[in-house]
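A.B. asks: Structure below; questions to follow.
Coordinate-derived values only; no laboratory data. Owing to the predicted nature of the structure, the values given are computational and were not obtained by experimental measurement. With ideal geometry, Cβ positions are generated from the backbone for all residues, glycine too; neighbour counts draw on all protein chains shown.
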Amino acid sequence: MAAYDPSGYGKHKHPGGWGSVCPDEACLGAPPQVLLDTGGRVERLICDVAGDFALCAQERRPGAWRGYPIPWSRLPPQARDALIAAGRLDLSTYRKTLRRNWGSEFAR
C-alpha cells in the first residue's frame, strides 16, 4: 500500500531549495494520496496526472512515497497506457502536451 509522505515537501518551496518546484496548482484537483491510489505503477514509480501536470512518486522508505512533477515527455509509456485505460488521461490530451512541450520546466 502506497502512503503519501508529506515530510520534506517544503524543501522545494524554500529559497535555495533543490529539486523541481512543485506548483501549488498541481495538486489542487486531488490530494496527493488520491493521486497515488489512482496512478499507474511502473517498476518503482507511481505516475499520475493532475490538470496540466504529469506527476511521479518514488518510494522514499518502505510504504512512504513522495511525488514531484515531470515533463510530459518523460511519462513512462506503461504509465501513460495505464492512465489511458483507467480513464485518467486521453490520448488527444497526451499528444497535445507533447506538441506544446508542457512540463519542460521540470526537466532535470
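A.B. asks: Can you go through Val42, Val49 and tell me which one is within 10 Å of the chain's Cα centre (by Cα) and at negative phi?
C.D. replies: None of the other options fit; the residue is Val49.
A.B. asks: Check every one of the strands (runs of 3 or more DSSP E) wholly within the stretch 34-106 and list those with 2 or more residues that are of a type in the set (Lys, Arg).
C.D. replies: Output list reads 53-61.
A.B. asks: For residues that are without any contact (Cβ under 8 Å) to a residue 40 or more places away in the chain and in contact with an Asp or Glu (Cβ under 7 Å, 6 or more places away or on another chain), scanning just the stretch 39-56, find the one that is farthest from Gly67 (Cα to Cα).
C.D. replies: Gly51
Let's see how each residue does on (1) under 11 Å from the mean Cα position of the chain (by Cα); (2) surrounded by 14 or more Cβ atoms within 10 Å (Cβ to Cβ); (3) of a type in the set (Asp, Glu); (4) closer than 16 Å to Pro32 by Cα:
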residue: Phe53; (1), (2), (3), (4): yes, yes, no, yes
residue: Gly63; (1), (2), (3), (4): no, no, no, yes
residue: Ile70; (1), (2), (3), (4): yes, yes, no, yes
residue: Ile84; (1), (2), (3), (4): no, yes, no, no
residue: Leu91; (1), (2), (3), (4): no, no, no, no
residue: Lys96; (1), (2), (3), (4): no, no, no, no
residue: Trp102; (1), (2), (3), (4): no, yes, no, no
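A.B. asks: Consider Asp48 against the criteria (1) closer than 20 Å to Glu105 by Cβ; (2) surrounded by fewer than 19 Cβ atoms within 10 Å (Cβ to Cβ): it satisfies all of them except one. Which criterion is unmet?
C.D. replies: Here Asp48 clears every test but (2).
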